[in-house]
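The values are calculated or read from the model by the stated rules, or taken from the named source; none is laboratory data. Only a predicted model underlies this, so the values are computations on that prediction, with no experimental measurement involved. Using ideal geometry, Cβ is built from the backbone for each residue, glycine included, and neighbour counts are taken over all protein chains shown.
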Amino acid sequence: MVGRLHGHPGNVAGNDTPAGCASATAGVPYVSPDKPSTSSAPADAFPTAVPGQPAGGLSHVDDLGKARMVDVSSKPHTDRHAVARCVVEATEKAESLLDSAEFSKERMKGIVDAVGQMGAARTPYLIPLCHQILLDRVEMQLDFGGRRMQVLATVEAHDRTGVEMEALTAVTLSGLALVTELETQARIMEVSLLLKDGGRSGTWRTQAPQVTLLLFAGAREAAGTGRLVLRAYDVADVLAQAHARFGSGFKEMERVSACWVNSWPATAATALVEGDEVALLPPVSGG
């Protein structure tokens, strides 16, 4: 899902968690921000120039060092678009609860949707100095990948200022709702802005987390190495990149392998954070 958002071939395989890694490339995109970029800035560089201030100045601080709301009255209304994500990881104790009959994933998706919608709309009341924005669209998605849950928020508006804070607030509150639902048997691993678009600064995209793919047996032979360092948001993206680089030999190996992230089983939908190790294990044979 997030892989396609950032130009990678991989994608999360839908809302239903796959049984294994074999369906990693059968993804359904959540958003398609195919809007032309008006900026050539690098992916990891935020714009620093603020109208009426020296480059690098803080727009929410006046000449006397006091906090202020930025005056955007002279800026034109443009289409604004932002995507943010929150990754929540359940503890080992709560791992079985995620697949139990009493834990309804559809109910959790409903909670995330309601909390995210409310959070985006109430951002000016929760975060000081945020402008009130008439939001045109707030869309939430919750994906389950083993012990990890990934919340995505897409927010759109036609206004003088961006909707990054609304998207970040939506996923943060939704992540806290998941932690509460699991009775503190979960933790928030990451909250990040994936994309912002619109306005003077154009399009900005973040870099995906850097992760390591560990290969064994046939997959290692196909790749010619046991370790690959990649940037990916989920296991599906990691596998898709490996397929693209090493061809059919790797794909055949992946069909009969198990995926692990760090020390626990994963699926194609498992979200990744900086420093994760993704292991592709060969099938066990023999008596």
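Could you check region 161-204 and list, in sequence order, the residues that are of a type in the set (D, E, K, R) and in contact with a strand residue (DSSP E or B) (Cβ under 8 Å, 6 or more places away or on another chain)? E164, E166, R187, E190, K196, D197, listed by residue number.
Are there strands (runs of 3 or more DSSP E) fully within region 169-264 with at least 1 residues that are closer than 25 Å to K93 by Cβ and in contact with a helix residue (DSSP H, G or I) (Cβ under 8 Å, 6 or more places away or on another chain)? List them. Step through it out loud before you land on a result.
Working: elements: 186-197, 210-215, 227-231, 258-261.
Qualifying strands (runs of 3 or more DSSP E): 186-197, 258-261.
Just give me the residues in region 119-136 being assigned to a helix (DSSP H, G or I) and crowded, with 16+ Cβ neighbours inside 10 Å, in sequence order. Outline the logic, then answer.
Taking region 119-136 as the starting set, the residues that turn out to be assigned to a helix (DSSP H, G or I) are 119-121, 123-126.
Answer for region 119-136, where residues must be assigned to a helix (DSSP H, G or I) and crowded, with 16+ Cβ neighbours inside 10 Å: G119, A120, A121, T123, P124.
Restricting attention to region 165-195, the residues that are buried (at least 21 other Cβ atoms within 10 Å of the Cβ), over 16 Å from L98 (Cα atoms) and of a type outside the set (S, T, Y) add up to 9.
All conditions in (1) free of Cβ contacts under 8 Å to residues at least 40 places away in the same chain; (2) hydroxyl-bearing (S, T, Y); (3) touching a Phe, Trp or Tyr at 6+ places or on another chain (Cβ under 9 Å) hold for T225, with the sole exception of (3).
Inside region 82-98, can you point out the residues that are in contact with a helix residue (DSSP H, G or I) (Cβ under 9 Å, 6 or more places away or on another chain) and part of a helix (DSSP H, G or I)? Steps first, answer last, please.
Taking region 82-98 first, the residues in contact with a helix residue (DSSP H, G or I) (Cβ under 9 Å, 6 or more places away or on another chain) are 82-88, 90, 98.
Answer for region 82-98, where residues must be in contact with a helix residue (DSSP H, G or I) (Cβ under 9 Å, 6 or more places away or on another chain) and part of a helix (DSSP H, G or I): just L98.
Which one is nearest to Q150 (Cα to Cα), of the residues in region 233-257 that are touching a strand residue (DSSP E or B) at 6+ places or on another chain (Cβ under 6 Å) and modelled with pLDDT of 85 or more?
Of region 233-257, the ones touching a strand residue (DSSP E or B) at 6+ places or on another chain (Cβ under 6 Å) are 234-235, 238, 241, 257.
Okay, now just the ones that are also modelled with pLDDT of 85 or more, so 234-235, 238, 241.
Values: D234: 10, V235: 12, V238: 16, Q241: 20 Å.
Residue satisfying both the conditions and the ranking: D234.
Given E156, E139, which one is of a type in the set (D, E, K, R), over 22 Å from V273 (Cβ atoms), buried (at least 21 other Cβ atoms within 10 Å of the Cβ) and at pLDDT 95 or above? Outline the logic, then answer.
Working: E139 fails: buried (at least 21 other Cβ atoms within 10 Å of the Cβ).
Unique residue meeting the criteria: E156.
Within region 218-243, the set of residues being of a type in the set (D, E) and surrounded by fewer than 18 Cβ atoms within 10 Å (Cβ to Cβ) comprises E221 only. In the set (1) at pLDDT 80 or above; (2) surrounded by fewer than 21 Cβ atoms within 10 Å (Cβ to Cβ), V261 fails one condition alone, (2). Quick check on L142: is it in a strand (DSSP E or B), touching a residue at least 12 places away in the same chain (Cβ under 8 Å), in contact with a Lys or Arg (Cβ under 7 Å, 6 or more places away or on another chain) and within 21 Å of A269 (Cβ to Cβ)? For L142, the condition - in a strand (DSSP E or B), touching a residue at least 12 places away in the same chain (Cβ under 8 Å), in contact with a Lys or Arg (Cβ under 7 Å, 6 or more places away or on another chain) and within 21 Å of A269 (Cβ to Cβ) - is met.
Right, L280: among the aliphatic types (A, V, I, L, M), modelled with pLDDT under 95 and over 30 Å from G116 (Cβ atoms) or not? Quick ask: steps written out before the conclusion?
Details: among the aliphatic types (A, V, I, L, M): yes; modelled with pLDDT under 95: yes; over 30 Å from G116 (Cβ atoms): yes.
Yes.
How many residues are of a type in the set (G, A, S) and on the phi > 0 side of the Ramachandran plot when one looks only at region 118-172?
Initially, region 118-172 is screened for residues of a type in the set (G, A, S), giving 119-121, 145-146, 153, 157, 162, 167, 170.
Subsequent filtering for residues that are on the phi > 0 side of the Ramachandran plot retains 146.
The total comes to 1.
Can you pull out every residue in region 202-217 that is more than 25 Å from E277 (Cβ to Cβ) and surrounded by fewer than 18 Cβ atoms within 10 Å (Cβ to Cβ)?
Within region 202-217, the subset more than 25 Å from E277 (Cβ to Cβ) is 202-204.
Result: G202, single match.
Restricting attention to region 82-103, which residues are of a type in the set (A, V, I, L, M) and either surrounded by 14 or more Cβ atoms within 10 Å (Cβ to Cβ) or under 12 Å from G146 (Cα atoms) (or both)? Break it down into steps so the answer makes sense when it comes.
Filtering region 82-103 down to residues of a type in the set (A, V, I, L, M) leaves 82-84, 87-88, 90, 94, 97-98, 101.
Of everything in region 82-103, those that are of a type in the set (A, V, I, L, M) and either surrounded by 14 or more Cβ atoms within 10 Å (Cβ to Cβ) or under 12 Å from G146 (Cα atoms) (or both) turn out to be A82, V83, A84, V87, V88, A90, A94, L97, L98.
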